[in-house]
Structure formats: structure tokens, C-alpha cells
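Accompanying notes for the structure given below.
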Amino acid sequence: MLKRFGSLSMSLVLMAGILAACGGNNEANNGTASPTATGTAEGGTSNEPVTINMFTASPEYTDAFNAYIAEYKKVKPNVTINLEIMQADYNTVLKSRIAAGTTPDVFQTTAGGDIDTFAEYSADLTNEPLAAAMTDAVRSNMSSSDGKVLGLPVKGNLFVLMYNKKLLADAGIANPPKTTAELADAITKLEAKGITPFANAYKEWWVWKHIAQHFVDAAAQDANISPKELVDQFIAGDTTFKDHPVLYNNFFNFIDQTVKHGTDKPLERDSNAEVSDFASGKAAFMTGKGAWDEEAIKKITPDFQLGIMGYPVSDKAEQSQIITGADQALRINKDSKVAKETIEFFNWLYTSDYGKSWFSNVAKVIPPIKDAPMPNLDMPKQMEEILKTEKSGDLSVNYSLDTFHQKFGELMQAYIGGSKSKDQTVDEIQKAWIQFGSAQ
């Protein structure tokens, strides 16, 4: 997810050119390298100055990125990494730079279908140590349709329905609901105690894809095909929501429930507002979010009793699954003058002892690589326990492009805003899937 933070209104540009303890040059110290410049060295020897320009859309990991840049400076004093993070209009700016021939040495995209979208600009990492270090699920998320590893994960991720353990206990709900009937019962019990069931962030287009993918997985299971096969059928126009009750009925019923039994003015609530509502105990469940929110929740309420669960998507409890995988990818510009040095840098991050600890202890994310410890956080710990007895759902958002998902979110916003009927929304979702669903 290329996250949009309502509390930040300006692009955040951070140039992290950290000098060696001895020597260095004033240009690196001043961080004056052009954000659209490519590397300044032509391969060269290990002692030649090298500048790598890295362009990302993840401001939540600014401190963590700067930490590994500083650590790598100890390993390779001649390498300067300029980190530029853009909060607003990232996709538009990235595409304009690519079109102008000023593609950054490292840039960020969504994973899955967008691996193919940017394939012609991406270095092939298939035979690199960093690819071998990835978990199987993550490697699949980073691979093109012809099996090449063309991206490297920003992090592993976890998509769930979060709940407030204390509020559920206060309402006499012993176990989180797994079926639609159990969810309806939980809503009744919560409201009987004066507790609002749902916190939503329906102002954001991207939360919709995180919710819908749980229902897509269930629809695929009901059709006895894989989620990728089902999404391919949507993109090809061979099926629609109307052919799948879990999507046509259950998904829309769930959205209707969250609006009717949720916090006020859902189309005005952004991601930060939703986190605040949930963390301060104003609602029992938080929709459309994932592992990246835990620290923000704990900053507001340090002793928050956080629980995670799959979405109750049907009358089948086994279809209520948490979803894991990697939905964001860093790409190395294959035409960069410093592609070799850039690949060397990420091989270090994904295979060194520091790198293995960086994901868990510095970034505090679910590691996308093997043999790395989980961070000391509630959600990853609960994920590990759940996956001991249950399967993870498929990260089916990866089988469509974010151009589709953004349109999907806008259509769902129109639906709950009352300007489109359910059938109008479904019809336009199908048209959007055909038009925007896959790389052309």
C-alpha cells in the first residue's frame, strides 16, 4: 500500500548522505544531489565514490531507512545513499521521472501485478542472494509473470480485522466472531453495552482493497479455483461480482454493517482518524488495516489490548483467515550507472546479521526473509500462533494493479455516499477491472 497520511500535507524529502568518519566531500554532506539524478559512478573500484539515489513512498519507515543507510556507511564508506521520500503524488511523480529518462536508482511500487508493469525498468534479481533469502510467499509476490524476481520487499505484511479485546470482553463476547451470524450477534452485544462496533477510514481509497481481498479469497474457494484464477477471470470479463454470492451479497452486507454500526461520517475519516478512534476505545473493530498500525495504536494507548482476526466473510468459519505476504516492492533501475553497487547494498541488507535484525528490531516489521526473528509486537506474535493451526489467506490484491484498486475504492466511496446503487457499483467495478486490472 502506498499509504496516504492525512496529518502530513507536504512531500517529505530526506537526503541521507552520511559521511565517513574520515574524509568525505561537501556535496554529499550538503545533500545537494538532484532527486532525479542517477548514480555518479560508472561501476569503478570499491574505493571510488558512489552515490545511490533512492525514491520511496513509505514515510513511516524514514528512521528505519536512515538507520540502515548509516550502518552501510560503516561497511562501505565510499557509498552515499540519498533517500528521498515523497508523501503526496508519489505514483505521478515516479511515472513522470521514468518518462523523462531520470528513473531513480531505487524506486518503490506495489507488488504483484505491478511487478510486470515496471518490468522493463527493473533489474533481474533472480540469482542474487537477496532473492534466495526471501520467504517463498514473498518471493512469489516479487516475481513477474515469467518467473523473474524483479523486486525486493519493503517488509512482510499482515492484513486483518483488528479488535479491542477489552471491549469484546466487556460485551460478553468470549471469542472473536468467525462467521457472518457470529458477527451480527457481536454487533448486537456491543451496542447493548453502548459500544460502537466499527472504526473505519473510508476516506482512503486503499482500505477498500484490504477488506475486499478477504471476500475474494472466499469466493475463489467457493468456485474451487485459486484467487489468482478468479481475479484473472474478472480482468478478462469472464465473471462478475454477481456470479459470486460472497462478493455480491456478503461483501456489500459487511460494508453496510460497518457504516450503519460504525463511527460517524465514515467518508471524512482518514487513516489517522481511524487509528485514533480505535486506539482511544471509541470502537471495537478496525477495518481495512494491518500490521503497520500497531505502534501508532500503542503510542496513543500503551496498554491497549489488541487482537487480530480474519474477516467473517460467510457462514463458514474456516473462511475467516488472516492474510500475509508482501504488497510493496523496491525496484533497482536496471539502467542505473550504479546498479551493481545498489544490488550489492541490498544483498548486504537481506543476508547480513545486521539486516536480519534490522527488520525486527529497527523497522519493527514482519521480516520478508528467512531465519529472521519476529519483532516484539502483539500482531506478529499472534500471527505466528494463528498460523500454527490455520492457513493464511492469499494476498489477492497483488493480482490486480493499483490503478484498478484506486478506482475500486472511489466506486465504493460513491456507494456508501449514496450516489451509486449496489448494481451500478458492481457494474462499474467490472468495467474498471477490465480497463485497469492488468499491465498492458
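Quick notes on this one:
- Listed by chain and number, the aspartates and glutamates whose C-alpha is less than 15 Å from the C-alpha of residue 420, apart from same-chain residues fewer than 8 away, are 256, 410, 428.
- GluC sites (Glu not before Pro) restricted to region 361-440 and DSSP loop, no more than 16 other C-beta within 10 Å: 390
- Just so you know, the Cα atoms of region 242-387 work out to an Rg and Dmax of 19.3, 56 Å.
- Cross-link pairs 209/391; 299/388; 242/316; 209/299 - those with Cα-Cα distance over 31 Å: none
- Total formal charge among the other residues, if their Cβ is under 15 angstrom from that of residue 222, Lys/Arg +1 and Asp/Glu -1: -4
- Normalised by the number of residues in region 272-319, the average gap of Cα pairs under 8 Å and 6 or more apart makes the relative contact order 31 percent.
- FRET efficiency, residue 387 to residue 181 (Cβ-Cβ, R0 22 Å, nearest 0.05): 0.30
- Taking every alpha-carbon pair under 8 Å whose residues sit at least 6 apart, region 142-225 reaches a relative contact order of 16 percent.
- Here's the picture: a label point sits 7 Å out from the Cα of residue 145 along the beta-carbon direction, and within region 196-231 the residues with their amide nitrogen under 15 Å of it are 228-231.
- Region 334-440 shape via C-alpha gyration tensor axes, a/c threshold 1.5: oblate
- Amide hydrogen proximity for residue 325: with H placed 1.01 Å from N in the peptide plane, the residues at 5 or more positions away or on another chain lying under 5 Å are 157.
- By the rule of a C-alpha distance below 17 Å, with chain neighbours fewer than 8 residues away ignored, the lysines paired with residue 166 are 189, 193, 282, 298.
- Stokes-Einstein diffusion coefficient of the chain, Kirkwood radius over Cα pairs, 25 °C, 0.890 mPa s, in µm²/s: 109 µm²/s
- Amide H contacts of residue 80 (H built 1.01 Å from N, under 5 Å, at least 5 apart or other chain): 50, 51, 52
- Label point distance in nm, residue 268-residue 296, each placed 7 Å from Cα along Cα→Cβ: 1.9 nm
- Within the assembled protein chains, the solvent-accessible surface assigned to residue 140 is about 80 Å², based on a 1.4 Å probe.
- GNM flexibility winner over the chain from 223, 201, 283 (Cα, springs under 10 Å): 223
- Per-residue ³J(HN,Hα) for region 160-166, Karplus 6.51 cos²θ - 1.76 cosθ + 1.60, θ = phi - 60°, Hz, x for Gly and Pro: 8, 9, 8, 9, 8, 4, 5
- Radius 10 Å from Cβ of residue 167, net charge of other residues (Lys, Arg +1; Asp, Glu -1): +3
- Based on protein heavy atoms only, the chain ends up with 41 Å² per residue of surface accessible to a 1.4 Å probe.
- Among beta bridges identified by DSSP and lying wholly in the chain, the antiparallel ones come to about 65 percent.
- Sequence-distant contacts, meaning Cα pairs under 8 Å at least 6 residues apart, place the relative contact order of the chain at 24 percent.
- Prolate/oblate/rounded label for region 128-250 (Cα gyration tensor, a/c 1.5): oblate
- The chain: most fluctuating residue of 56, 239, 287 per GNM, C-alpha cutoff 10 Å: 239
- Applying a threshold of 23 Å to the alpha-carbon distances of 155/407; 76/356; 260/364; 95/334 flags 155/407; 260/364 as lying beyond it.
- Taking max minus min of the alpha-carbon positions on each principal axis, region 113-200 gives extents of 57, 24, 19 Å, largest first.
- Sum of side-chain charges, residue 395 neighbourhood, beta-carbon under 12 Å (Lys, Arg +1; Asp, Glu -1): -1
- Estimated dipole of the chain in Debye, rounded to 20 [Cβ of Lys and Arg +1, of Asp and Glu -1, Cα centre]: 640 debye
- q = 0.20, 0.23, 0.31 Å⁻¹, region 281-320: log10 I(q)/I(0) [Debye, one scatterer per Cα]: -0.71, -0.85, -1.20
- Rounded to whole numbers, the Karplus 3J(HN,Hα) couplings from phi for region 432-437 are 5, 4, 5, 6, 10, x Hz, using 6.51 cos²θ - 1.76 cosθ + 1.60 with θ = phi - 60°, and x at Gly and Pro.
- Computed from backbone phi with θ = phi - 60° and the Karplus coefficients 6.51, -1.76 and 1.60, the 3J(HN,Hα) list for region 275-280 is 4, 4, 4, 5, 5, 8 Hz; x is used for glycine and proline.
- Under 12 Å from the residue 334 label point (7 Å along Cα→beta-carbon), backbone N, region 106-128: 116-126
The values are calculated or read from the model by the stated rules, or taken from the named source; none is laboratory data. Note that this is a predicted model, so its numbers are computed, not measured. Counting neighbours? That spans all protein chains shown, and the Cβs are built from the backbone with ideal geometry, glycine included. These area figures cover heavy atoms from the full protein model, side chains too; ligands, DNA and RNA do not enter into them. Shrake-Rupley method; radii C 1.70, N 1.55, O 1.52, S 1.80 Å.
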